1. Which order results if 188, 82 are arranged by neighbouring Cβ count within 10 Å, fewest first?
2. Out of all DSSP beta bridges with both ends in the chain, state the antiparallel percent to the nearest 5.
3. Between residue 9 and residue 215, what is the label-to-label distance in nm when each label sits 7 Å out along the Cα-to-Cβ direction?
4. Given the Cα atoms of the chain, and with Rh set as the inverse mean 1/r over their pairs in the Kirkwood sense, what is Rg to Rh to two decimals?
5. Cut-off is 10 Å between beta-carbons; in what order do 6, 36, 203 appear when sorted fewest neighbours first?
6. Plugging the Kirkwood radius over Cα pairs into Stokes-Einstein for the range 148-233, at a temperature of 4 °C and a viscosity of 1.567 mPa s, what D comes out in µm²/s?
7. By counting other Cβ atoms within 10 Å of each Cβ, how are 116, 9, 129 ranked from fewest to most?
8. What is the Rg over Rh value, at two decimals, for the range 94-194, using alpha-carbon atoms and the Kirkwood definition of Rh?
């Protein structure tokens, strides 16, 4: 099994907008923010303000508290399962889920029922999920196998994910990311050091080309990642 290896600078080029999207919700996150499957919680530290509280839930407690067994001071770690969220109804102003729902492909509707339940009325859910149909993601999984993924996880078809989202929530925005560029952080990580900088410049151009292609409906199902911003419906 090959070592999990990514070029961090290339990953930053690819994921800059996805990474910064949570901070756009800052004005809405007035009281309680939930980081679903939050790992170490670092992805949502930008949402912490003096007036709100950020909770990060993950099934793995060791990941939540980190290697030094101390949680980040900005985040309250909670061990739990997205299928049985240990929170009261209508609690959170904002919930954030990056690459979480494909870990429960057989219980997707149950997961959305739980998230919808704990969101406050008009509360926002930001979803960022890898896509099943991206051919370059398939190449990555075959060419660069890793031990970093769980056996039960299964990337979701964008069409299926959207159907479930529309069933439970009101969709405010959908954006599609990465088509041809999906494999590049893996490839550049394995290139000789002297040509990595040139490859990163080419990657920027490829990302722009991906953005152009993904404006067309034909290419959208083949994206590498999809971002869906949705809101709890008023009853």
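1. Fewest-to-most ranking of 188, 82: 82, 188.
2. Antiparallel: roughly 45 percent of the beta bridges in the chain.
3. About 3.0 nm separates the two model spin labels.
4. 0.96
5. Going from least to most buried by this count: 6, 203, 36.
6. 86
7. Ascending Cβ contact count within 10 Å gives the list 9, 116, 129.
8. Looking at the range 94-194, the ratio lands at 1.04.
Read-outs: derived from the displayed coordinates by stated rules, not from any lab. Keep in mind it's a predicted model, so treat the numbers as computed, not measured. Cβ: placed from backbone, ideal geometry, glycine included. Neighbour counts: every protein chain shown.
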